[in-house]
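Take a look at the structure below.
Nothing in this text is a laboratory measurement; each read-out follows from the coordinates by a stated rule. What you see is a predicted model; the values in this text were computed from it and never measured. FYI the Cβ positions are ideal-geometry reconstructions off the backbone, even for glycines, and counts take in every protein chain you see.
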Amino acid sequence: MNQLGFVAWGDEGWRDDMVTRENGAIAVFGGTGQQGGAVVDALLGRGARVRALVRDPGADRARALGARGVELATVRIDDPGSVVAALEGVGAFYFMTPEANSLEEVEEEVRVGVGLVDAAVAARVPHVVFNSVFGADRETGVPHHDSKHRIEEWLKGTGLRATMVRPAAFMENFATVMAPSVEEGVVVLRLPLPEDVALKLISIRDIGLVAAAVLVGAVDVPGGAVEVVGDELTGAQMAAAFGARVGLPSRYEALPLSVLGNELDRVMFRQFAEGGGRAADFAAVRAIEPSVWGLEEWIRSSGWGEE
């Protein structure tokens, strides 16, 4: 028995049951969002059966998934039985947790994550993939990253087969909150990051591709975790990539942390400024998904500068 009172992974009856379910549907929690949606896209691209765990199967995004052949299972986080039922018979389970923007929401994120893990244990899911964050194998002092570390530790303690997919910062932020501007014929990028610090980046598309490869068993992930990074660039290098796209000179300007209105974001960028931990392992990522984009590929795909 494990700490939750369920039969442990070593139980032969459970092992045999799991083997017979390897070809079952792959359950995705968060499939109507950006990251989860990218995982669904990649799984469907591989011909996998997908079961999306949704709150409202009648919502537009859920119905759009259903129209593509995705099974819809209605769940409520405050009803653990509904989650267990939705996970019955699946071959693997991918989940992510709600974005936290305050310390209170950080605790809610942990509660949700632990609840999903417990449901996977109760449903005897053969393989669980948690969408975590870069560096979550240790505490960093960043509250909404340490919350994922806590969930990882809980998942590891269950005895389930588990893989952690740990993305870096999203390239898609360059289309919104981190968007560069063109000022008097110069591409200008401003971020609250020192000029000499390189930021680790990944596209949401590639998070989906990596997670899908892991979920369908196409790859073996050494150590049960992969830190998903497609590029690592300083502010000047990022600005230059955007400038090259439109044939303009570029400039990077480092901003103070005070421009960030959220304390969690200030703590996160402070950690980025301190170096963000260990270096990116591009070879490990491309061993799983060779087509992972660097920033230049993402810029071309996004259509930035074409308007």
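Of 97, 163, 158, how do they rank once you tally other Cβ atoms within 10 Å and put the fewest first? Don't skip to the end; give the middle numbers.
Working: 97 25, 163 22, 158 19.
By the 10 Å Cβ count, ascending, the order reads 158, 163, 97.
Net charge around residue 282, counting only other residues with Cβ within less than 13 Å of its Cβ (Lys, Arg = +1; Asp, Glu = -1)? Display every interim value, and only then the final one.
Numbers: positive: 200, 278, 286; negative: 206, 227, 231, 232, 281, 289.
That sum, taken over residues with Cβ under 13 Å, equals -3.
Tilt of helix 103-122 relative to the longest C-alpha principal axis of the chain, in degrees (0 to 90, nearest 10)?
40 degrees
Please check: in the Gaussian network model of the chain (C-alpha springs, under 10 Å), which one of 77, 202, 151 has the largest mean-square fluctuation.
Maximum fluctuation in the GNM of the chain, among the listed residues, is at 77.
Which three extents, in angstrom, do the Cα atoms of the stretch 132-243 have along their principal axes, listed largest first?
Principal extents (Cα only, largest first): 58, 33, 22 Å.
Residue by residue, what Karplus-based ³J(HN,Hα) values in Hz, rounded to whole numbers, does the stretch 217-223 have, using 6.51, -1.76 and 1.60 with θ = phi - 60° and x for Gly and Pro?
x, 6, 9, 10, 9, x, x
Taking the Cα atoms only, what angle lies between the long axis of helix 235-246 and the longest principal axis of the chain, rounded to 10 degrees?
Between the helix axis and the principal axis of the chain, the angle is about 80 degrees.
For residue 115, what charge total do you get from the other residues with a beta carbon under 12 Å from its beta carbon, if Lys and Arg give +1 and Asp and Glu give -1? Provide the component values of the computation, followed by the final result.
On the way: positive: 76, 111; negative: 78, 79, 108, 109, 118.
For residues surrounding residue 115, the net value is -3.
Quick one: check the C-alpha center-to-center distance for the stretch 76-102 versus the stretch 212-263, whole angstrom.
Their Cα centres are 28 Å away from one another.
Given springs between every Cα pair under 10 Å in a Gaussian network model of the chain, which of 39, 125, 197 has the largest fluctuation?
Among 39, 125, 197, the largest GNM mean-square fluctuation belongs to 197.
Suppose every K and R has +1 on its Cβ and every D and E has -1 on its Cβ; what is the size of the dipole of the stretch 216-307 about the Cα centre, in Debye to the nearest 20? Working shown, then result.
Values: 7 positive and 14 negative charges, 40 e Å.
In debye, rounded to 20, the stretch 216-307 gives about 200.
Taking amide H positions as placed in the peptide plane 1.01 Å from N, state which residues far from residue 255 in sequence (5 or more) or on other chains have amide H under 5 Å from it.
Placed amide hydrogens put 191, 193 under 5 Å from residue 255.
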